[in-house]
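See below for the structure under consideration.
The values are calculated or read from the model by the stated rules, or taken from the named source; none is laboratory data. Just so it is clear, the structure is predicted and the values come from calculations on it, not from any experiment. Neighbour counts are summed over all protein chains in view; Cβ atoms, including those assigned to glycine, are modelled from backbone coordinates with ideal geometry.
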Amino acid sequence: SLSGRLAGVLTDLRGKGKLSDADIDRTCREIRLALLEADVSLTVVRGFIARIKERAKGAEVSGALNPAQQVVKIVNEELVGILGGETRRIQFAKTPPTVIMLAGLQGAGKTTLAGKLAAWLKKQGHTPILVACDLQRPGAVSQLQIVGERAGVPVFAPNPGTSIGGTGELGVSGSAGAGSLTEPIEVARSGVAEARSKQHDVVIVDTAGRLGIDEELMAQAKGIRDAVEPDEVLFVLDAMIGQDAVATAEAFAQGVDFTGVVLTKLDGDARGGAALSVREITGRPIMFASTGEKLEDFDVFHPDRMSSRILGMGDVLSLIEQAETHWDVQQAEAAANKITQGELTLEDFLEQMLMIRKMGPIGNLLGMLPGAAGMKDALSQVDDKQLDKVQAIIRGMTPAERENPKIINGSRRARIANGSGVTVSDVNQLVDRFFDARKMMSQMAGRMGMPGARKNNR
Ligand code: GDP
Ligand code: MG
């Protein structure tokens, strides 16, 4: 399994270090296999891995994670981004009813989904109606009727008892054989009219599928689409079909076009790579996920869950998260200790600043870091651009200078300014600000009664 294979790489690369190209290549090779094993299409994998490498090579070295973990983290972030970058809700029509059409191969789970979606919408206060446009498969209409009953929503359908050779109760011509394309289109049209007259605010149109893609199926789906002008066309895709997902999605994108994707049968052992391929290739968002045969086995799509499924390494991902959280706390504690001792170095100062920046609102840190109010003051007049400058200046110092800022005399200041592309007065300002902040923090820590705090430490 991938987790196993990757665990190997992760162990090999344990310990801190820079992300070398070889490390990145090696980890990417494993990720590539994972993606292929998860049935992500080769084209998509190639593009994806290229982007990951790019990002990994520019990545900052993290103290919390080893190089392989860092690459995994980047991959996960990218996956979540792609899978959920444009996650969106159903777009409801300004003037009801909202028409939602379902399309997909036979057996994909359209009819089952129709019930789930209806139940879900009903729970949110909508009044959906289902429309049975699959007149192809024997029993399809009664299947939808059962589904509708379970969901507690009405179903608009030609009368199954009179549909062959007679006239259905809805006035749909039942005499047409399987070859007729107009029949399901008529049902769809009448269904929407029915919804309008009975004031249903959502219409879900269930359609027929074929076992494979064929022109007749596409023509029918397109005909229904043109007749009812749906607000959403949901392409229902069986996650278990693996590599075939790409060709199927492409055919439906060209044939009917769709506005969103629903992945079904995620309760099976499919790795879910189809999700990534379809998202990448069609550019359409994955909106819902179906995870079983029961009405409640349904949810909006969760990109993070799908990502760890594709990578097959939920455990590794949560370990990475823990490692990072733990690292931040450790850093904060160590810094707090130094603060009370008045021993904060410029290196710590920089680290703290980067941490604060990473964490967003400075307030988040205050609870973690005793005496951080001083840091907050020092940072309050600093915007992102200035932070970049501060970072550049401190990076331009030698380790000894960062450790013991008192040694930074005039000639050192000139050298640092030169090397960091700033003026000497920028360096002066930073050094002054640092000493002020250090003093203030130490004093505050003293006032807060932290043991071992010294008052003046310049
Ligand atoms: P349709 O031909 O697209 O309308 O597909 P159906 O809704 O009739 O579903 C085909 C089969 O797949 C049925 O036996 C369903 O019970 C089953 N099915 C649909 N969705 C799921 C799902 O998410 N998980 C599982 N395990 N089975 C499903
Ligand atoms: Mg069906």
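Of 284, 309, 305, 210, which residue is under 29 Å from residue 97 (Cα atoms), away from ligand 2 (no atom under 16 Å from the Cβ) and of a type outside the set (A, V, I, L, M, F, W, C)?
Sole residue among the options that is under 29 Å from residue 97 (Cα atoms), away from ligand 2 (no atom under 16 Å from the Cβ) and of a type outside the set (A, V, I, L, M, F, W, C): 284.
Consider segment 1-43. How many of its residues are at pLDDT below 80 and within 18 Å of residue 83 (Cβ to Cβ)?
Qualifying residue count for the region: 1.
Which residues, taken from segment 122-145, are surrounded by fewer than 21 Cβ atoms within 10 Å (Cβ to Cβ) and away from ligand 1 (no atom under 11 Å from the Cβ)?
122, 123, 124, 125, 126, 127, 138, 142, 145
When you go through 245, 275, 270, 289 one by one, which is the residue that is under 21 Å from the mean Cα position of the chain (by Cα), buried (at least 24 other Cβ atoms within 10 Å of the Cβ) and within 14 Å of ligand 1 (Cβ to nearest atom)?
The match here is 275.
Any residue in segment 396-423 that is assigned by TED's automatic domain parsing to the domain that holds residue 352 and without any contact (Cβ under 8 Å) to a residue 60 or more places away in the chain sitting within a Cβ distance under 6 Å of a residue that is crowded, with 18+ Cβ neighbours inside 10 Å and of a type in the set (S, T, N, Q)? List the pairs, counting only those 6 or more apart or interchain.
As it stands, the answer is 396/420; 402/345; 403/345, since those pairs meet every condition given.
Has segment 184-191 got any residue that is within 32 Å of the chain's Cα centre (by Cα) and within 16 Å of ligand 2 (Cβ to nearest atom)?
Within segment 184-191, none of the residues are within 32 Å of the chain's Cα centre (by Cα) and within 16 Å of ligand 2 (Cβ to nearest atom).
Give me the residue from segment 91-130 that is farther than 20 Å from residue 285 by Cα, modelled with pLDDT of 95 or more and within 12 Å of ligand 2 (Cβ to nearest atom) and, out of that set, farthest from the chain's Cα centre (by Cα).
Per the criteria, the residue is 130.
What number of residues within segment 222-240 satisfy the criterion of being within 20 Å of residue 112 (Cα to Cα), hydrophobic (A, V, I, L, M, F, W, C) and more than 12 Å from ligand 1 (Cβ to nearest atom)?
Adding up the residues that qualify gives 2.
When only residues in segment 113-143 that are polar (S, T, N, Q) and in contact with a helix residue (DSSP H, G or I) (Cβ under 7 Å, 6 or more places away or on another chain) count, which is farthest from residue 288 (Cα to Cα)?
Only one residue tops the list, namely 142.
For segment 400-433, enumerate the residues that are in a helix (DSSP H, G or I) and closer than 16 Å to residue 348 by Cβ.
Within segment 400-433, 400, 401, 402, 403, 405, 406, 430, 431, 433 qualify.
Within segment 432-450, is even one residue on the phi > 0 side of the Ramachandran plot and modelled with pLDDT of 75 or more?
no
Out of segment 242-256, which residues are in contact (Cβ under 8 Å) with a residue 40 or more places away in the chain and within 27 Å of residue 185 (Cβ to Cβ)?
248, 252, 255, 256
The conditions are (1) among the polar types (S, T, N, Q); (2) away from ligand 1 (no atom under 16 Å from the Cβ); (3) free of Cβ contacts under 8 Å to residues at least 40 places away in the same chain, and residue 259 fails exactly one of them. Which is it?
All conditions are met except number (3).
Mind counting the residues in segment 131-155 that are more than 13 Å from ligand 2 (Cβ to nearest atom) and in contact (Cβ under 8 Å) with a residue 40 or more places away in the chain?
Total satisfying the criteria: 3.
Tell me, please, whether a residue that is more than 40 Å from the chain's Cα centre (by Cα), under 23 Å from residue 60 (Cα atoms) and hydroxyl-bearing (Ser, Thr, Tyr) can be found in segment 390-398.
Yes - at least one qualifying residue is present in segment 390-398.
Restricting attention to segment 95-111, and to residues there that are part of a strand (DSSP E or B) and β-branched (Val, Ile, Thr), which single residue is nearest to ligand 1 (Cβ to nearest atom)?
100
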